[in-house]
């Protein structure tokens, strides 16, 4: 029922008609019994995407057609059926339609085989097994056929084994998703999409509702585009990547797309790096919004509301020079119950617009770091009610101001230059007393006014990091 509600809420055809991503073009309408053919434009970043990830072209003549509603009569080369279990044993294209309850699809091909599974109006569920289990292949590509709506559901809780990870999709090899169709995926007691190797999303529209982790890889998650509604339960992360032995693995890379992530734990978590090149991200988390060793935000719009830290750079080994948060473009808005930006290493602001609201709890900082913090470009405004405040250091090349008002306020904050021109403004959602402000227009030796309602603070920027509030020193 939860998945069905998501379908109604997110993916009515009226809404989807205007939501095809920019890097693909919808094909003309034809008979729905004929699969559409399409080719996505290539956009390779960090060598995480391969040519076949972008190939959503479906060859009906060579593909093996399988109707899950009539599974007992399924026949085809390299396909076998035992009860409600369909096993694919070789590379090729397999075009699936129909409904199957208490069923399972297993891919058990050669190490050199690439398998493409086309979902074209599939409804597959199980309460005892992982609905799609990729036991062996070089790579499996799941293509969402154009204009199709597909449902995958794990309705029970499964004891985890080597071949069963209590998830809707479990892959032991590379896993890729493409096509412009819809996939609604739900797991009432477990996880969503799990891979022991990398996961790639090129396109498509996804509603993922899980009790624990929604998307989990032991190597990397790379997303080129698409629409994602992700809901992870109280003990779940939205996107999670972890790799304990290879320092070059464990990354999350988002090139573009639209994301609505709600998670009981972290919204996005990686033990190596998180890179956001562009896209629209709305993250609500019960713990940290985004957590990794290295976090790079280069563009797009990122909104974070978190019960703990908003964006956090950390490592199990503690403070490290290799840990950092870097914002060089885009718009970032953070509303955190603890620290807005928190790094066990450094913080770099080099561009974009960043707005941070820390906790109203005076024991938390709007911005905290164990290394250094510097700003060399962009706009940055942070508000909070902290007794102790950290601002930018002397490595900055752009002026910043750290000030305290005499009392808390929820009034709009404005920064005016000597000509009374508003060079920055922000309307916080929470009451605040302390502010950190830095914008491109702030120059050494110039005078400025900080206004919040009837309160006015006059300053002369006599050094690169002007401050009158109580500054936390290293």
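The requirement of being under 16 Å from residue 325 (Cα atoms), touching a residue at least 24 places away in the same chain (Cβ under 8 Å) and assigned to a strand (DSSP E or B) is not satisfied by residue 405.
Within the span defined as the range 327-345, every residue fails to be closer than 17 Å to residue 378 by Cβ, over 21 Å from the mean Cα position of the chain (by Cα) and modelled with pLDDT of 95 or more. Residue under question is residue 124, and the condition is that it be touching a helix residue (DSSP H, G or I) at 6+ places or on another chain (Cβ under 9 Å) and under 25 Å from residue 197 (Cα atoms); does it hold? The answer is yes for residue 124.
Among the candidates 250, 267, the residue that is in contact with a strand residue (DSSP E or B) (Cβ under 9 Å, 6 or more places away or on another chain), modelled with pLDDT under 95, closer than 21 Å to residue 325 by Cβ and buried (at least 21 other Cβ atoms within 10 Å of the Cβ) is uniquely 250.
Residue 107 fails exactly one of the following numbered conditions: (1) at pLDDT 90 or above; (2) surrounded by fewer than 16 Cβ atoms within 10 Å (Cβ to Cβ). What is the number of that condition? With (1) at pLDDT 90 or above; (2) surrounded by fewer than 16 Cβ atoms within 10 Å (Cβ to Cβ) applied to residue 107, the lone miss is (2).
When residue 323 is tested against (1) touching a strand residue (DSSP E or B) at 6+ places or on another chain (Cβ under 8 Å); (2) more than 27 Å from residue 432 (Cα to Cα); (3) surrounded by fewer than 18 Cβ atoms within 10 Å (Cβ to Cβ), only condition (3) is not met.
The residue that is nearest to residue 344 (Cα to Cα), among those in the range 271-319 that are touching a residue at least 40 places away in the same chain (Cβ under 8 Å) and assigned to a strand (DSSP E or B), is 292. A single member of 445, 453 is farther than 24 Å from residue 368 by Cα, surrounded by fewer than 17 Cβ atoms within 10 Å (Cβ to Cβ) and touching a residue at least 40 places away in the same chain (Cβ under 8 Å), and it is 453.
On the given criteria, is residue 279 modelled with pLDDT of 95 or more, crowded, with 24+ Cβ neighbours inside 10 Å and either touching a helix residue (DSSP H, G or I) at 6+ places or on another chain (Cβ under 9 Å) or under 17 Å from residue 300 (Cβ atoms) (or both)? It is false that residue 279 is modelled with pLDDT of 95 or more, crowded, with 24+ Cβ neighbours inside 10 Å and either touching a helix residue (DSSP H, G or I) at 6+ places or on another chain (Cβ under 9 Å) or under 17 Å from residue 300 (Cβ atoms) (or both). Those strands (runs of 3 or more DSSP E) of the range 43-97 in which 1 or more residues are crowded, with 17+ Cβ neighbours inside 10 Å occupy 64-67, 85-88.
Among the numbered conditions (1) within 26 Å of residue 301 (Cα to Cα); (2) surrounded by 15 or more Cβ atoms within 10 Å (Cβ to Cβ); (3) in contact with a strand residue (DSSP E or B) (Cβ under 6 Å, 6 or more places away or on another chain), the only one that residue 425 does not meet is (2).
Please count how many residues of the range 202-226 are in a strand (DSSP E or B) and either out of contact with any helix residue (DSSP H, G or I) (no Cβ under 8 Å at 6 or more places or on another chain) or surrounded by fewer than 22 Cβ atoms within 10 Å (Cβ to Cβ) (or both). Residues meeting the conditions: 10. Quick one: would you say residue 383 is assigned to a strand (DSSP E or B) and at pLDDT 95 or above? In short, no. Count of the range 355-368 residues, restricted to those that are crowded, with 24+ Cβ neighbours inside 10 Å and either at pLDDT 95 or above or over 23 Å from residue 410 (Cβ atoms) (or both), is 1.
The values are calculated or read from the model by the stated rules, or taken from the named source; none is laboratory data. Keep in mind the model is a prediction, meaning the values are calculated, not measured. Counting neighbours? That spans all protein chains shown, and the Cβs are built from the backbone with ideal geometry, glycine included.
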